[in-house]
1. From the residues in region 197-217 that are of a type in the set (A, V, I, L, M) and over 17 Å from GLU154 (Cα atoms), which one is surrounded by the fewest Cβ atoms within 10 Å (Cβ to Cβ)?
2. Which of the residues belonging to region 186-203 are touching a strand residue (DSSP E or B) at 6+ places or on another chain (Cβ under 7 Å) and either at pLDDT below 90 or among the aromatic types (Phe, Trp, Tyr) (or both)?
3. Can you name every residue in region 119-143 that is small (Gly, Ala, Ser) and either modelled with pLDDT of 95 or more or touching a strand residue (DSSP E or B) at 6+ places or on another chain (Cβ under 9 Å) (or both)?
4. Of (1) over 26 Å from THR119 (Cβ atoms); (2) at pLDDT 90 or above; (3) in a loop (DSSP other than H, G, I, E, B), ASN171 satisfies all except one. Which?
Amino acid sequence: MNAKLRLSSLQDLKALQRELQLARRLAEEEAERRAAQARLLAQEQRAFELAVGDVTALKPQHRERVELARPLPAPEPLQREADERAALMQALSDDFDVDSLLETDEALSFRRPEIGPDTVKKLRRGHWALQAQIDLHGLRRDQAREALGSFIVESAKRGLRCVRVVHGKGNGSPGREPVLKSRVRRWLVQKAEVLAFVQARASDGGSGALMVLLQPL
């Protein structure tokens, strides 16, 4: 019985030794494989350094930002337009004394000092073709003043020479008084674009309209 136990123990010991030897051999092979990989990596790195030469690592730094110039939007003449509207309202005063500037003929025509009497006569005879007109019928005073001022300025900018302003004869006004007639004359005299004006001929509106000669801008 003891002999069998000793034999079994001896066999187990030999088996254990074989396992230890196998494990040691596998470990040596793994170490050799890793060493070979390390040598290969070192060789490749050395070959790269020889091919490239000395390399200096760059220090970390912030990238410089390049500001691209953005095109500026087209300027809008808002201030100029506001100034023009303000000047328009201020220039056309209802209190302007126009009587001393009007000719003393029955039609109460007007001309600038640099405009000769012959020009007024030509305007009255229809020498210049009518190019545009504005009808102020039915407008309140402030509406008519602004509409007339804008019409005169825009007509001059368009290069027009002769326009008609219809202010009405006042037949529908209280007391049959032409409310706009005298005011329109005051307003026109104050406009630098107006060189002269005369009462329209009967075929063009008679006493209810004016023929206006403009200085093109």
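1. Filtering region 197-217 down to residues of a type in the set (A, V, I, L, M) leaves 198, 200, 202, 209-214, 217.
This time we only want the ones that are over 17 Å from GLU154 (Cα atoms), so: 198, 200, 202, 209-210.
Details: VAL198: 23, ALA200: 23, ALA202: 8, ALA209: 23, LEU210: 26.
So the residue we want is ALA202.
2. Residues of region 186-203 that are touching a strand residue (DSSP E or B) at 6+ places or on another chain (Cβ under 7 Å), as a first pass: 188-189, 193-200.
The answer is PHE197, and nothing else.
3. Here is the first cut: in region 119-143, the ones small (Gly, Ala, Ser) are 126, 129, 132, 138.
Of everything in region 119-143, those that are small (Gly, Ala, Ser) and either modelled with pLDDT of 95 or more or touching a strand residue (DSSP E or B) at 6+ places or on another chain (Cβ under 9 Å) (or both) turn out to be GLY126, ALA129, ALA132.
4. Unmet condition: (2).
The values are calculated or read from the model by the stated rules, or taken from the named source; none is laboratory data. Everything numeric in this text was worked out from a predicted model, so none of it was measured. In this analysis, Cβ positions are derived from the backbone assuming ideal geometry, glycine residues included, and neighbour counts consider all displayed protein chains.
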